[in-house]
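The structure appears below as structure tokens.
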Amino acid sequence: MQIADFALERYFARWEFAVRHLLCASDVEGWRMADLLALADEDARARWAGLRLGYTESTGDPALRAEIAHLYATLEPADVLVFCGAEEAIFCLLTVLVGPGDHAIVTWPGYQSLHEVARAAGAEVTLHELREADGWALDVDRLLAAVRPTTRAVVVNAPHNPTGMLPEPGEWRRLGEACAAAGIRLVADEVYRFLEHDGRAPLAAGADLAPAFVSIGVLSKSFALAGLRIGWLASRDRDLLARCAAFKDYTTICAAAPSEVLGLVALRARATVLARSRAIVTANLARFDAFLAARPGFATWVRPAAGSVGFPRLAADLDADRLAADLVTAEGVLLLPGSRFGHPGNHVRVGLGREDLPAALERLAAFLDARGIA
Ligand SMILES: Cc1ncc(COP(=O)(O)O)c(C=O)c1O
């Protein structure tokens, strides 16, 4: 298999653990082990204390699958397949789902594996561009106009990385109905679900819209547990899940036993876990919004509607790649230039999930002040 470098991940491999402040992380500040374990119920405490470090069930621990199924309106535990992160779930799903002669439509700019894996599997890919001039909105009519007789999958990431786009519920259902009527699988990457801003409700999960549709989830983002590497596919199409499970025998076989128990703890305490994430992201969204309002000479943005990232556009006299490079050198603060998504606009991704965002903004302010950028 020939696959292009994952530009964003290569950038993080270079910088993530070498900088003072990650102002572009997409995850929420990770839980400390002791704090998470303090949320465990009696059953989970017993599972943790008595855990044997052997292989686990390749489909995922049954209790974990049951808790994941509770995140959906129509699913049972058997409709859930556990992976090592959403990344593995994406890799297995798209490799199984499409091949030479097939066509897929994928939202863009976006998380590269959503389109790159389909391409590497031999499919033709049409990128559905989200446009800043439209408020980054999903354009359902334009998307459907790209459908071909060979279209097997429509892949939508919502809440969206990097723009924070959340489709209008009516448009989301309309897309689902059109895909179902055309026999096309809707694949919904929902890893930022449950981080909706300003009182918006989560969208109906893709897997709940139609039996063939697939939801991709993970504990890394809204649940603030990236280190567990627990992700999943959810779908009522159990034949598809079985094919993905068979493919997974060639990647990781099964998840890490400690991660499955810790994931169970988090999902059973999800009200507490999600409230913490929302509190962090909501406060940071207000801070970043105020920062931009006070410095129009730096950047402007379409305020994200959901998720833990946003995609401001720098002022015309600044260059996103140059500024990110100078900022990390001068202040140890990392921004992610839009070029890492292959996006030609002058944008940077900012992350709203980290507790050191106020300190990162102070350094960014000092950097801008030193250059007379207001
Ligand atoms: C849209 C999207 N999907 C999937 C992933 C992969 O999640 P993980 O790295 O936790 O497997 C990410 C990570 O940034 C993402 O932004």
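Listing for the model above:
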| read-out | value |
| --- | --- |
| The stretch 146-172 residues that are in a loop (DSSP other than H, G, I, E, B), paired with ones that are open to solvent by less than 50 Å² (accessible area, probe 1.4 Å) and acidic (Asp, Glu) (beta carbon under 6 Å, 6 or more apart) | Thr150/Asp102 |
| Selection count, the stretch 336-346, where residues are touching a residue at least 12 places away in the same chain (Cβ under 8 Å) and either touching a Ser or Thr at 6+ places or on another chain (Cβ under 8 Å) or open to solvent by 10 Å² or more (accessible area, probe 1.4 Å) (or both) | 7 |
| Residue match in the stretch 253-261 (condition: surrounded by 19 or more Cβ atoms within 10 Å (Cβ to Cβ), among the small types (Gly, Ala, Ser), touching a Leu at 6+ places or on another chain (Cβ under 9 Å) and assigned to a strand (DSSP E or B)) | no |
| Candidates Ala181, Ala212, filtered to the one that is under 26 Å from Arg119 (Cβ atoms), open to solvent by 10 Å² or more (accessible area, probe 1.4 Å) and away from the ligand (no atom under 16 Å from the Cβ) | Ala212 |
| Thr74 β-branched (Val, Ile, Thr), open to solvent by 30 Å² or more (accessible area, probe 1.4 Å), touching a strand residue (DSSP E or B) at 6+ places or on another chain (Cβ under 9 Å) and not in a helix (DSSP H, G or I) | no |
| In the stretch 308-330, residue farthest from Leu130 (Cα to Cα) [restricted to those that are open to solvent by less than 10 Å² (accessible area, probe 1.4 Å) and within 23 Å of the chain's Cα centre (by Cα)] | Ala324 |
| Matching entry among Val333, Val281, Val302 (being in contact (Cβ under 8 Å) with a residue 40 or more places away in the chain and under 18 Å from the mean Cα position of the chain (by Cα)) | Val281 |
| In the stretch 106-136, the residues that are within 11 Å of the ligand (Cβ to nearest atom) and open to solvent by 40 Å² or more (accessible area, probe 1.4 Å) | Tyr111 |
| Flag if Leu195 is over 18 Å from Val106 (Cβ atoms) and either more than 9 Å from the ligand (Cβ to nearest atom) or in the same structural domain as Pro77 (by TED's automatic domain parsing) (or both) | yes |
| Given (1) under 27 Å from Ala279 (Cα atoms); (2) among the charged types (D, E, K, R); (3) open to solvent by 10 Å² or more (accessible area, probe 1.4 Å), number of the condition Arg349 does not satisfy | (3) |
| Pairs with Cβ under 7 Å, 6+ apart, first in the stretch 222-239 and touching a residue at least 12 places away in the same chain (Cβ under 8 Å) and among the charged types (D, E, K, R), second within 11 Å of the ligand (Cβ to nearest atom) and open to solvent by 10 Å² or more (accessible area, probe 1.4 Å) | Arg229/Cys84 |
| Near pairs, Cβ below 8 angstrom, 6+ apart or cross-chain, from the stretch 1-25 (over 21 Å from Gly164 (Cβ atoms)) to any residue that is within 15 Å of the ligand (Cβ to nearest atom) and in a helix (DSSP H, G or I) | Ile3/Glu116; Ile3/Val117; Ala4/Glu116; Phe6/Ser113; Phe6/Glu116 |
| Residue satisfying all of: in the stretch 38-71; under 13 Å from Val273 (Cβ atoms) and open to solvent by 30 Å² or more (accessible area, probe 1.4 Å); farthest from the ligand (Cβ to nearest atom) among these | Ala38 |
| Sole residue being assigned to a loop (DSSP other than H, G, I, E, B) and surrounded by fewer than 23 Cβ atoms within 10 Å (Cβ to Cβ), chosen from Phe223, Phe194 | Phe194 |
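Conditions tested, residue by residue: (1) closer than 26 Å to Leu114 by Cα; (2) in the same structural domain as Asp326 (by TED's automatic domain parsing); (3) touching a Leu at 6+ places or on another chain (Cβ under 6 Å); (4) of a type outside the set (A, V, I, L, M).
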residue: Cys24; (1), (2), (3), (4): yes, yes, yes, yes
residue: Gly54; (1), (2), (3), (4): no, no, no, yes
residue: Ala63; (1), (2), (3), (4): no, no, yes, no
residue: Cys84; (1), (2), (3), (4): yes, no, no, yes
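The values are calculated or read from the model by the stated rules, or taken from the named source; none is laboratory data. Just so it is clear, the model here is predicted, and its values are computed rather than measured. All Cβ positions, even for glycine, are placed from backbone atoms using ideal geometry, and neighbour counts span all protein chains on display. Please note that ligands, DNA and RNA were not included when accessible areas were found on the heavy atoms of the full protein model with its side chains. Shrake-Rupley method; radii C 1.70, N 1.55, O 1.52, S 1.80 Å.
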